[in-house]
Structure formats: structure tokens, C-alpha cells
Amino acid sequence: MKIAAFGRELSLDSPKIMGILNVTPDSFSDGGRYNTTDKALDHAAVMVEEGASIIDIGGESTRPGAAEVSLDEELSRVVPVVETISCRLDVMISVDTSQPEVMKSAVEAGAHIINDIRALSVDGALSTVADLNCPVILMHMQGKPRTMQIAPHYTDVVAEVRKFLLNRAEACLTAGIRKENLILDPGFGFGKSVEDNYRLLAHLEELVDTGYPVLSALSRKSMIGAACGISQADLRVTGSVAGALISVMKGACLVRVHDVAQTREALDVYRATRNSF
Ligand code: 8Y4
């Protein structure tokens, strides 16, 4: 398996790291230190050096209760950063957005992958990605960011998440998006209790079994804090690395992380072990 976009390719035969670059002023888990274009570039360069194959750039805060961002605000946060990174670094760029206008402008500016927590549910998103002909990450969410953590409920979280994602994949295929461009993501923390999140992680193989590449994104999230008893998000590094490694051992081929160097080391040990089988 591989991801291919705009003349660039990334083999998924070995797991790859997506480094998180937040460009929202309230990027909580890095204290908002990297919110200008220069600082974003510096942070991205460090992550590439540490082993990130993809840099994920997002201009909308999806933190529960966060304020909604206008289209112009999102464009002005994302586009300059995408332009700068695509000119200066040899790395794939994903853009965390649900808005067709942002998708188009970001790809024009040099982005390769659309990362949509709303799984292309906004009007015009399906046809936009079909036209762009680029890879897209479809994520599961129950409810809406503002309220999703109030009372998440499932009868069978693993079956429901799998079914939702396969339905969205079908909608993509119907809209003319190529199968090779689809990546599935269980959406840890998006309308899920800690128990739901761990059930999804424990059964990640059931998502991998779909045949689509799976991305796992649990870095520093509350499920890690809950298991480790750590309330401060930026202190959840070791638990996050463990979660990334478990995901990869269950067949995820992409992990979205804050702590690239630490995750790279864990995946290197796994690789060395596998190579000795
Ligand atoms: C601490 C650190 C606590 C981070 C919470 C968080 C996903 C995603 C996000 C995901 C995909 C986040 C943009 C939420 N999560 N994209 N984006 N999958 N594909 N929270 O799970 O990182 S933002």
C-alpha cells in the first residue's frame, strides 16, 4: 500500500509518522508557541528531522467547546504555512479541514492530503476531493466537536465506527474518489468515553481488516491521561508512544503524534524486532 499525490509517494509497507503542527492561537498542548509562519516552519523542520513523513496542519481548533473559526480565519492561518512548508521542506503535507474552500486553497498552496474529522460531510466536500484527486483521511466522530463529550453512547462501538467509516468510504467511491485515496481513522476522543476509546484500540484489527490503510491518532489525548493518571496533556508523552506502538502492532500504518522523536524510537525497536523474526 502507498499514498500518492501530486507526484509524491509514501510507501505504507512500513508505518509512517504524521507530526502535528498546530496553527491555532490556542493550540493548547504546545502552549501556542508555534503560531506564526516562521515558528511553524521551524517546528515542522524539527519534526521532519526526527522522522515525520507527513506534517498535519490544522487551523480549526477541535477542542471540545472551542470557538468556531470563520472561513477567512482558517484560510489565513493555514495557507501561508502550507506554502512555506511545501517550498522549504521535503515532506508530505496534510491539511486538517472540513471546508471545501480550504481544501482547494491548501492543495493549490502545496498540500497533498486532506485530513477531515467530519469525513467529507460538509456540502461540497465529496466533489471537491474527487476533483482534487488526492488522498483523504475519513475520521469517525459521534456528535459535533462542541458537545460530543457530553454523553457519548454506543451499543457496539467497534462495529458502529467500522460501519460508519465503510459507509463514508462508499459515499466517497460514489462521488468519484478513487479507492486508493481513502484512509480510515477511528477518531479517538471524538464523542467517545475512555472505555469506548480503549475498546476501539483493543479491536483496531477490525478496522485494519477493511483493507483500507488505518491512521491512529491518540497522542496526548484524555484516554492516555486517564490510563496514566496525568492531567497535563504535554506530560502524556510516554503513554502516547505506547499507544502509537500498540496501534502499529495491530496494523495501523499511520500514527498522528506530537512527539515525533520518541515515537520514531519506539517504531524503530518494533522494526528491528520484526526484521529478526
Ligand atoms: C491533547 C492533545 C488532548 C490533543 C487532545 C488532543 C484527530 C485529528 C485531531 C484524530 C485525525 C486532538 C485534527 C484533537 N484529532 N485528525 N485531529 N484523527 N485524522 N486532541 O484523531 O489532537 S485534533
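The values are calculated or read from the model by the stated rules, or taken from the named source; none is laboratory data. Computed from a predicted model, the values in this text were never measured in an experiment. For neighbour counting, all protein chains shown are included, and Cβ atoms are generated from backbone atoms with ideal geometry for every residue, glycine included. What goes into the accessible areas is simple: the full protein's heavy atoms, side chains included, and nothing from ligands, DNA or RNA. Shrake-Rupley method; radii C 1.70, N 1.55, O 1.52, S 1.80 Å.
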(request) Pull up the cross-link candidates among the aspartates and glutamates for Lys179, meaning alpha carbon to alpha carbon under 18 Å and not fewer than 8 places away within one chain. (result) Glu9, Asp13, Asp116, Asp131, Glu170, Asp209
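Please work out the average accessible area per residue across the chain, using the 1.4 Å probe convention, and give it in Å².
Details: 12400 Å² over 277 residues.
Result: 45 Å² of accessible area for each residue.
Around Glu205, with a cut-off of 13 angstrom between Cβ atoms, what is the net charge of the other residues, counting Lys and Arg +1 and Asp and Glu -1? Show your work: numbers first, answer last.
Values: positive: Arg162, Arg199, Lys250; negative: Glu206, Asp209.
Here the count lands on +1.
Can you tell me the order of 14-23, 200-209, 63-72 when each peptide is scored by its average per-residue count of other Cβ atoms within 10 angstrom, highest first? Before the final figure, lay out each step's value.
Numbers: 14-23: 22.8, 200-209: 17.7, 63-72: 12.4.
Ranked by mean Cβ neighbours within 10 Å, highest first: 14-23, 200-209, 63-72.
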(request) For region 63-101 and region 144-182, compute the distance between their C-alpha centroids and round to whole Å. (result) 22 Å
(request) Work out from phi, with θ = phi - 60° and the Karplus expression 6.51 cos²θ - 1.76 cosθ + 1.60, the ³J(HN,Hα) of each residue of region 260-276, listed in order in whole Hz, and give x for Gly and Pro. (result) 5, 4, 5, 5, 4, 4, 4, 5, 5, 5, 4, 4, 4, 5, 4, 5, 9
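Over the chain, what relative contact order in percent results from Cα pairs under 8 Å that are six or more residues apart? List each step's numbers first, then the result.
Details: 534 pairs, mean separation 50.1, N = 277.
Across the chain, relative contact order equals 18 percent.
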(request) Please list, or write none, the lysines whose alpha carbon is within less than 19 Å of the alpha carbon of Lys16, excluding same-chain residues fewer than 8 places away. (result) Lys2, Lys250
(request) Within the set of other residues whose C-beta is less than 12 Å from the C-beta of Ala119, count the net charge using Lys and Arg as +1 and Asp and Glu as -1. (result) -1
(message) Taking the Cα of Ser276, stepping 7 Å toward and past its beta carbon, and measuring to each backbone N in region 207-251: which are under 18 Å?
(response) 249
(request) Using the Cα centre as the reference, give the magnitude of the dipole from point charges on the C-beta atoms of the chain (Lys, Arg: +1; Asp, Glu: -1; all else neutral), rounded to the nearest 20 debye. (result) 560 debye
